[in-house]
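Starting off with a structure, shown below.
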């Protein structure tokens, strides 16, 4: 087992490793959809000491539910609540309850730590009604023992995430994009942390189609970064950059192989150094000069 650093997740009472595990393992140049392989990878993450798991979409749900059969007591699970944003102001508490009941039966799970409203997108004219319906559903689901805490992920803008954490007292966990090539969420992390909301940074490498992955796979032709093709050093630097922010409780990179897991676990044990800063400055310059995008879903800039 590694010596991963742990810390409280806001005021939830949960303790999580600062290096945690993100969903969407099907994305990026190392992506795959092999469920038995993913079960092995999740077990390896647990063996490495990782405790927090952000679950996304059916492949990840299937693999995580399988591992939970034997190791649920070692895991802090953020289970996805999809479909609320798409329903806009018409969302109902019954939809949320039915969604969770379906997942409970389909995957054979009795309890998750956090119900995570995925891709929260609330507008001024519908936000009170939408949050109110989710609140009613969560209160029932919590009373029934299905979940303990309500959180959200926001892909759309720092302003929307900030509005959610400042105008409502329902959310105990927040997940936002937070990476070295696009650190727009730093102020939101601080505001959430000051309110006692657990802070989770997703997409530290920009996402599956992000600039780091395009460099890694040779899709970016730029002299400054050519030497890092097939290298893990930019990923390690980006992870250490994220973890250097004290307002961030944990970062959830997508880890898609045993080698990738081991590399990031080792990287998390080291502080951000001058070489890391040079790598990231060079990556930022190449990003700007190529006119590429760091790649975060939505307008997170």
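Which of the residues that make up the stretch 142-174 are more than 18 Å from residue 13 (Cβ to Cβ) and in contact with a strand residue (DSSP E or B) (Cβ under 8 Å, 6 or more places away or on another chain)?
Within the stretch 142-174, 152, 153, 154, 155, 158, 161, 164, 165 meet the criteria.
Mind listing just one residue for me: the one in the stretch 173-185 that is touching a helix residue (DSSP H, G or I) at 6+ places or on another chain (Cβ under 8 Å) and assigned to a strand (DSSP E or B) and, of those, farthest from residue 278 (Cα to Cα)? Can you show your working first?
Restricting attention to the stretch 173-185, the residues satisfying the condition of being touching a helix residue (DSSP H, G or I) at 6+ places or on another chain (Cβ under 8 Å) are 174, 176, 178-181, 184-185.
Right, trim to assigned to a strand (DSSP E or B) and you get 174, 176, 179.
Details: 174: 30, 176: 25, 179: 15 Å.
The residue in question is 174.
Of all residues in the stretch 124-145, which are at pLDDT below 95 and surrounded by fewer than 18 Cβ atoms within 10 Å (Cβ to Cβ)?
Selection gives 124, 125, 126, 128, 129, 132.
Here is a follow-up. Output the residues belonging to the stretch 162-177 that are at pLDDT below 95 and under 19 Å from residue 20 (Cβ atoms).
177
This table checks each residue for (1) under 20 Å from residue 202 (Cβ atoms); (2) touching a residue at least 12 places away in the same chain (Cβ under 8 Å); (3) part of a strand (DSSP E or B).
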site: 105; (1), (2), (3): no, no, no
site: 114; (1), (2), (3): yes, yes, yes
site: 133; (1), (2), (3): no, yes, no
site: 161; (1), (2), (3): yes, yes, no
site: 171; (1), (2), (3): yes, yes, no
site: 187; (1), (2), (3): yes, yes, no
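For the stretch 1-16: of the residues being in contact with a helix residue (DSSP H, G or I) (Cβ under 8 Å, 6 or more places away or on another chain) and over 15 Å from residue 259 (Cα atoms), which is surrounded by the most Cβ atoms within 10 Å (Cβ to Cβ)? Let's see the steps before the verdict.
Within the stretch 1-16, the subset in contact with a helix residue (DSSP H, G or I) (Cβ under 8 Å, 6 or more places away or on another chain) is 1-2, 4-5, 10.
This time we only want the ones that are over 15 Å from residue 259 (Cα atoms), so: 1, 4-5, 10.
Working: 1: 8, 4: 17, 5: 13, 10: 23.
That would be 10.
Mind checking which residues of the stretch 237-256 are within 15 Å of residue 281 (Cβ to Cβ) and either touching a helix residue (DSSP H, G or I) at 6+ places or on another chain (Cβ under 7 Å) or buried (at least 21 other Cβ atoms within 10 Å of the Cβ) (or both)? Break it down stepwise before answering.
Pass one, the stretch 237-256, residues within 15 Å of residue 281 (Cβ to Cβ): 237-238, 240-241, 244.
Those that are within 15 Å of residue 281 (Cβ to Cβ) and either touching a helix residue (DSSP H, G or I) at 6+ places or on another chain (Cβ under 7 Å) or buried (at least 21 other Cβ atoms within 10 Å of the Cβ) (or both): 237, 238, 240, 241.
Look at residue 148 and say whether it is assigned to a loop (DSSP other than H, G, I, E, B), surrounded by fewer than 20 Cβ atoms within 10 Å (Cβ to Cβ) and in contact (Cβ under 8 Å) with a residue 12 or more places away in the chain. Give the derivation first.
Numbers: assigned to a loop (DSSP other than H, G, I, E, B): no; surrounded by fewer than 20 Cβ atoms within 10 Å (Cβ to Cβ): yes; in contact (Cβ under 8 Å) with a residue 12 or more places away in the chain: yes.
No; evaluated as a whole, the condition is false for this residue.
With the requirement that a residue be free of Cβ contacts under 8 Å to residues at least 60 places away in the same chain and either on the phi > 0 side of the Ramachandran plot or out of contact with any helix residue (DSSP H, G or I) (no Cβ under 9 Å at 6 or more places or on another chain) (or both), what does the stretch 257-286 give you?
Result: 259, 274, 281.
On to the next question. Can you name every one of the helices (runs of 4 or more DSSP H) wholly within the stretch 207-301 that holds 1 or more residues which are over 24 Å from residue 52 (Cα atoms) and in contact with a strand residue (DSSP E or B) (Cβ under 9 Å, 6 or more places away or on another chain)? Reasoning before the result, please.
On the way: elements: 211-216, 233-243, 258-268, 274-290.
Qualifying helices (runs of 4 or more DSSP H): none found.
Considering (1) farther than 19 Å from residue 130 by Cβ; (2) modelled with pLDDT of 95 or more; (3) crowded, with 18+ Cβ neighbours inside 10 Å, say which one residue 158 fails and leave the rest.
(2)
Out of the residues in the stretch 208-234 that are buried (at least 21 other Cβ atoms within 10 Å of the Cβ) and touching a helix residue (DSSP H, G or I) at 6+ places or on another chain (Cβ under 8 Å), which is modelled with the highest pLDDT?
Once the filter is applied, the top-ranked residue is 234.
Conditions (1) under 22 Å from residue 250 (Cβ atoms); (2) in a loop (DSSP other than H, G, I, E, B); (3) at pLDDT 95 or above, marked per residue:
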{"position": "29", "(1), (2), (3)": "no, yes, no"}
{"position": "42", "(1), (2), (3)": "yes, no, yes"}
{"position": "46", "(1), (2), (3)": "yes, no, yes"}
{"position": "77", "(1), (2), (3)": "yes, no, yes"}
{"position": "86", "(1), (2), (3)": "no, no, no"}
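The values are calculated or read from the model by the stated rules, or taken from the named source; none is laboratory data. All of these numbers come straight from a predicted model, not from anything done at the bench. Here the Cβ is made from the backbone with ideal geometry for all residues, glycine too, and neighbour counts use every protein chain on show.
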